[in-house]
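**Student:** One structure coming up, written as structure tokens, with questions to follow.
The values are calculated or read from the model by the stated rules, or taken from the named source; none is laboratory data. None of these values were measured; they are calculated from a predicted model. Neighbour counts are summed over all protein chains in view; Cβ atoms, including those assigned to glycine, are modelled from backbone coordinates with ideal geometry. Quick note on the areas: whole protein, heavy atoms, side chains included, nothing else; ligands and nucleic acids left out. Shrake-Rupley method; radii C 1.70, N 1.55, O 1.52, S 1.80 Å.
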Amino acid sequence: MGLSAAAAGDGAQLCVFDLRRGQQEGQELDKILFFHPADCPILLQLSVIGLCEGIVTFTRIFSPEEDCEVIESEKRSQVFYQAEPDIWMVLVVEKTKDNVSTWRFGALQGILKEAHSLFTMFHGPIRTLLDRQPSAELARGHLRTFLTDYLSDFHVGKKLQFPTYRDSLKERGTIQMLTVPREVALEVQSLTTVLGSCLGSVTCQSLVLFEDLLVSTTLPPDDTLNLYTYAVLRLTPRALSSNASSWSYLRKGTSVNAGPTSSSSNGTTAGERYHSRSRDTSPDGQNQMHHNFRPLLREKFSKGKDGFVAPDFAATEVRGAVPLTPILWFQQAEERMYLCIYQHKSLTILLLIPASSLINGEEGIAHVKKQMLENASQKIVTVEQKLTRGWGGENAYHVSGYRYLLVDPDRRVSRASPPGKVTTLAKDSLLALNRLRQEVDLEKSRYRRSDPCHDKDFEVCIRTKNNAWVIAKITRGRELYMALEKGGETLLYASTAVEKFSNRYCEGAFSTD
């Protein structure tokens with residue numbers, strides 16, 4: 001069975017399906033939970049899902065302990081990710097003469113992982129939604145709106161454009177940290193202590209960002225990554241810059257006229273939904289008390305005059321709505337928390353209030369916000385001023401002569417050359433680096449299967465046809481990727497360049513000594 005070119009639509013498909021559903025003849029459609037493009041004919045959707053299911057089943061015969069990750073054919077790449085047991089996400093991208101060597105399956109799979117992690121943070125696991133409503137309409141509804149909004153970031157015109165060779169010095173699924181001197185670190189620590197005490201005896205958690213860089217966190221690594229990713233996508237000043245609304249969460253009682261919605265059609269008022277929501281802190285019984293909360297919808301949030309960022313109800317379909325504070329599910333912390341966002345100039349503070357500790361919902365949140373403004377305002381101003389004075393701008397982490405990417409998978413942290421500097425590399429250099437990273441991804445995957453308890457150290461240096469060096473080096477799990485143009489011709493030059501970089505910027509982590 002093959003994929004018809006007509007099924008491609010805009011050249012790519014993304015589907016989510018459940019292998020436990022639709023096993024009876026005539027019920028195959030039941031296994032489809034999401035499909036993009038949505039206007040793809042049902043028969044073609046079934047063809048795509050059927051082929052993907054067949055590949056998963058076939059590969060399990062030979063490798064029952066390892067999931068299928070990618071299938072390459074002449075015309076397309078199919079990237080697989082088992083998001084939850086028997087729930088698969090598959091991304092299919094069409095190959096053309098222009099892009100045949102530009103995809104890297106690790107980057108494409110990173111998109112699937114990121115989308116699922118963000119979805120779970122807002123709605124809970126997909127399996128939980130299916131168990132709650134076996135008809136799957138709840139899960140399909142949330143997946144449809146959430147993934148459609150997520151994919152909007154990849155739209156270029158009418159087509160989806162996914163990471164290519166030009167993004168070979170980027171790493172999705174990692175955090176970029178801001179390095180601060182000890183004096184400023186102490187000020188930040190003092191601020192986080194005050195933020196943690198906004199609810200009295202119950203400790204609140206927090207993330208502090210400057211520009212798009214993480215300054216501090218009190219959450220576990222996985223939860224930090226998910227919330228940081230969301231903040232950079234939609235909440236930081238850069239993400240909000242296109243929306244000039246001055247809506248404030250303190251403005252209440254304003255009625256917004258709109259058509260009927262799925263939340264109001266049952267006759268419940270905003271007040272009734274508000275009170276029922278304050279008692280329900282299940283993964284989905286949270287900010288989805290009305291079905292219009294779409295956390296990835298662009299321009300959904302705006303900054304108020306009080307400094308807090310909140311949903312802009314001028315853009316929602318809710319009659320007489322009161323402001324709703326999103327509740328997020330943090331899987332590693334195993335806790336649901338209200339998310340409050342505060343901004344002062346380039347500083348963004350994400351304050352997380354345990355949902356189980358608030359019995360009066362939005363009133364309790366308003367009290368916490370008041371406490372934060374009273375107790376932390378001066379510290380926020382001080383921290384922002386000191387970070388601004390020490391900030392080197394967009395090129396703060398540029399290293400002259402190098403175009404690099406540093407990745408620490410264990411800590412989920414990365415640092416890279418500024419995007420503006422990466423664009424100065426020749427196309428041949430970027431293509432060669434992208435192919436090298438593809439080979440490294442495959443080598444890491446093979447080594448994990450043979451010895452999952454240990455990381456393999458290796459180094460590859462390649463001289464490209466445009467006389468540049470592309471380098472990959474992995475040492476004790478940490479990864480360094482580099483492109484050097486206008487350098488020496490010998491391997492000794494490339495090796496020496498890596499040594500100098502390692503000793504000066506990586507504390508010798510990649511040195512051979």
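**Student:** Taking 7 Å along the Cα-to-C-beta vector as the label spot, tell me the Arg449-Leu492 distance in nanometres, rounded to one decimal.
**Tutor:** About 4.1 nm separates the two model spin labels.
**Student:** For segment 51-113, calculate the relative contact order in percent as a whole number, restricting contacts to Cα pairs under 8 Å that are 6 or more residues apart.
**Tutor:** Details: 68 pairs, mean separation 15.6, N = 63.
Dividing the mean separation by the residue count of segment 51-113 yields 25 percent.
**Student:** Using the per-residue mean of other Cβ atoms lying within 10 Å as a proxy for protection, in what order, highest first, do the peptides 419-431, 166-178 fall? Display every interim value, and only then the final one.
**Tutor:** Numbers: 419-431: 16.5, 166-178: 19.9.
Sorting 419-431, 166-178 by mean packing, highest first, produces 166-178, 419-431.
**Student:** Take the alpha-carbon positions of segment 5-167, form their convex hull, and give its projected area averaged over all directions (one quarter of the hull surface) in nm². Don't jump to the answer; show the numbers that get you there.
**Tutor:** Values: hull surface 39.6 nm².
Mean projected area of the Cα convex hull: 9.9 nm².
**Student:** Multiply the residue separation of Lys170 and Ile462 by 0.36 nm, subtract the distance between their alpha-carbon atoms, and state the gained length in nm to one decimal. Please report the intermediate quantities before stating the final value.
**Tutor:** Working: separation 292, 0.36 × 292 = 105.12 nm, distance 1.95 nm.
Result: 103.2 nm gained on full extension.
**Student:** How many percent of the accessible area of segment 140-252 is carbon or sulfur, using a 1.4 Å probe?
**Tutor:** Details: 2600 of 5080 Å².
Answer for segment 140-252: carbon and sulfur cover 51 percent of the accessible area.
**Student:** For segment 403-505, what % of the accessible area comes from carbon and sulfur atoms, probe 1.4 Å?
**Tutor:** That share works out to 50 percent.
**Student:** Oh, and also: Using mean Cβ contacts within 10 Å as the protection proxy, how do 215-224, 494-503 order, highest first? Intermediate values should be presented prior to the final figure.
**Tutor:** Values: 215-224: 19.3, 494-503: 17.8.
Order by mean packing, descending: 215-224, 494-503.
**Student:** Amide H of Val70 versus every other amide H placed in the peptide plane: which residues, excluding those fewer than 5 positions away on the same chain, fall under 5 Å?
**Tutor:** Those qualifying (amide H under 5 Å, at least 5 residues apart or on another chain) are Phe80.
**Student:** Determine which residues of segment 31-64 fall in the zone a paramagnetic label at Glu25 would reach in this model, i.e. backbone nitrogen under 13 Å from the point 7 Å along Cα→Cβ.
**Tutor:** From segment 31-64, the list is empty.
**Student:** On a straight-distance basis, which aspartates and glutamates could pair with Lys345 in a cross-link, Cα separation under 12 angstrom, same-chain partners fewer than 8 positions away excluded?
**Tutor:** Glu211, Glu384
**Student:** Output wanted: per-residue J couplings in Hz (rounded whole) for segment 166-177, from phi through Karplus 6.51 cos²θ - 1.76 cosθ + 1.60, θ = phi - 60°, x for Gly and Pro.
**Tutor:** Values, residue by residue: 5, 9, 6, 10, 10, 9, 5, x, 9, 9, 9, 9 Hz.
**Student:** Any idea what the relative contact order of segment 5-167 is, in percent, if you count C-alpha pairs under 8 Å spaced at least 6 apart? Walk me through the intermediate numbers first.
**Tutor:** Working: 196 pairs, mean separation 36.2, N = 163.
Reported as a whole number, the value is 22 percent.
**Student:** Tally Lys and Arg at +1 and Asp and Glu at -1 over the other residues with C-beta under 12 Å from the C-beta of Arg20: what net charge comes out?
**Tutor:** Once positives and negatives cancel, what remains is -3.
**Student:** Quick one: which of Lys427/Lys456; Lys158/Lys300; Lys97/Lys456 span more than 26 angstrom between C-alpha atoms?
**Tutor:** On the way: Lys427/Lys456 30 Å; Lys158/Lys300 22 Å; Lys97/Lys456 34 Å.
Flagged as over cut-off: Lys427/Lys456; Lys97/Lys456.
**Student:** Whole number please: convex hull volume per residue, Cα atoms of segment 428-513, in Å³. Please list the in-between numbers first.
**Tutor:** Working: hull volume 7.7 nm³, N = 86.
Cα convex hull per residue, to the nearest whole number: 90 Å³.
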